[in-house]
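Notes for the one structure printed next.
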Amino acid sequence: MTVVGPFGLSVRDQALEADVQAGLAAVEEGLLEATKSGVPFITEAAQHLVRAGGKRFRPLLVTLAAQFGDPYAPGVVPSAVVVELTHLATLYHDDVMDEADIRRGAPSANARWGNSVAVLTGDFLFSRASQILADLGPEAVRIQAEAFERLVTGQILETAGPRDGRDPIEHYLDVIAGKTGSLIAVAGRYGAMMSGADERVVEILTHYGERLGTAFQLADDVLDIASDSHESGKTPGTDLREGVPTLPVLHLRASAAATGAPEDVELCELLEGDLGDDGRLAEVLRRLRVHPALEQARRDTVRYAQEARAALAPLPDCPAKAALEELCDAVCHRAG
């Protein structure tokens, strides 16, 4: 048994282990090649997050999904590079919007070079992803375009907030499905599609990816409150400080509205205040970490991960299916 990929995924089959390790190594080479520029400064900025590491969750999913067809098919690795480049590009943009100082345990690009360079570097990565995608055929381009539309729509809806009368939690889950689930769904879809798997398998792994992607983001919501910077790779409370209404906060607000409990109302007021003050943020984090809202967010995370696991049921039993099931367990464990 060998541990590979994010979250310490255990691969118990030697052939699968070899394929996964080889696939991820090829993706890493592809990422470095795709982020090279004739301008050294652009190369440095574009490779900043590549070299900072990361879980490579999406390339891993591409690699595992490809096991249901030909894992050595020529489009598998390039499609994994496309998905990861797209993800990395969104991180550059997210850090600008969030004014984040740390990403993957290192200074964010905007903290190091400023917002303009960070935004333009994200655009550079999108352009490189598009170049690779063009060689994968019009269907791959269409899939990526549709997913990118959903991703951007999710970001806009998050910024705009729920319309009048809409349940904020339902709105937020729709946002997450677009912002995060859509691209992870593409990872499952590309892996199966590029390997030549049956259309039914492609559909199953697409659905699996979206549910798992939502669970993955909800686990991040929990980590933003429950973890320290060593665990999460970014400053705890970043989302809180930026006023992002993550799932634990939405559950807290719902509880305060339903019960009017003074301690819940007071905590909501603290959240609405200036969390730029480190002491105030620390107090909010301390209280949220012991609040039932955080546990409710954990339960929601587990529910989506279980739905992802259930989606895999029609697939034949094999080492790749077992690994995909373990990813669901790993996301649950990540949420703690």
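The values are calculated or read from the model by the stated rules, or taken from the named source; none is laboratory data. Small disclaimer: the values here were computed from a predicted structure and weren't measured. Heads up, the Cβs are rebuilt from the backbone with ideal geometry, glycines too, and the neighbour counts pull from every protein chain shown. Calculation scope for accessible area: heavy atoms of the full protein, side chains included, ligands and nucleic acids excluded. Shrake-Rupley method; radii C 1.70, N 1.55, O 1.52, S 1.80 Å.
Below are the figures for this structure:
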quantity	calculated
Residues of segment 17-74 satisfying the condition of being free of Cβ contacts under 8 Å to residues at least 60 places away in the same chain, open to solvent by 50 Å² or more (accessible area, probe 1.4 Å), within 24 Å of Glu325 (Cβ to Cβ) and not in a helix (DSSP H, G or I)	Lys55, Tyr72
Segment 286-308: number of residues that are part of a helix (DSSP H, G or I), open to solvent by 80 Å² or more (accessible area, probe 1.4 Å) and closer than 25 Å to Arg253 by Cβ	6
Single unsatisfied condition, Glu266 versus (1) open to solvent by 80 Å² or more (accessible area, probe 1.4 Å); (2) touching a Phe, Trp or Tyr at 6+ places or on another chain (Cβ under 8 Å)	(2)
Selection from segment 103-157 of residues that are under 27 Å from Asp174 (Cβ atoms) and basic (Lys, Arg)	Arg103, Arg142, Arg150
Residue match in segment 208-224 (condition: open to solvent by 30 Å² or more (accessible area, probe 1.4 Å) and farther than 17 Å from Val244 by Cα)	yes
Residue within segment 243-253 that is at pLDDT 95 or above, outside any helix (DSSP H, G or I) and not β-branched (Val, Ile, Thr) present	no
Residue among Ala330, Ala311, Ala282 that alone is crowded, with 18+ Cβ neighbours inside 10 Å, modelled with pLDDT under 95 and not β-branched (Val, Ile, Thr)	Ala330
Condition broken by Asp277, with the remaining ones in (1) more than 30 Å from Val201 (Cβ to Cβ); (2) open to solvent by less than 60 Å² (accessible area, probe 1.4 Å) satisfied	(2)
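One line per residue, one yes/no per condition, for (1) crowded, with 19+ Cβ neighbours inside 10 Å; (2) within 19 Å of the chain's Cα centre (by Cα); (3) outside the structural domain of Phe216 (by the TED database); (4) under 28 Å from Val20 (Cβ atoms):
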{"residue": "Ser116", "(1), (2), (3), (4)": "no, no, yes, no"}
{"residue": "Leu136", "(1), (2), (3), (4)": "yes, no, yes, yes"}
{"residue": "Ala147", "(1), (2), (3), (4)": "yes, yes, yes, yes"}
{"residue": "Ser182", "(1), (2), (3), (4)": "yes, yes, yes, yes"}
{"residue": "Tyr190", "(1), (2), (3), (4)": "yes, yes, yes, yes"}
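Residues checked against (1) part of a helix (DSSP H, G or I); (2) open to solvent by 50 Å² or more (accessible area, probe 1.4 Å); (3) under 17 Å from Thr90 (Cα atoms):
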{"position": "Asn110", "(1), (2), (3)": "yes, no, yes"}
{"position": "Leu120", "(1), (2), (3)": "yes, yes, yes"}
{"position": "Asp123", "(1), (2), (3)": "yes, yes, yes"}
{"position": "Ala129", "(1), (2), (3)": "yes, no, yes"}
{"position": "Glu139", "(1), (2), (3)": "yes, yes, no"}
{"position": "Gln144", "(1), (2), (3)": "yes, no, yes"}
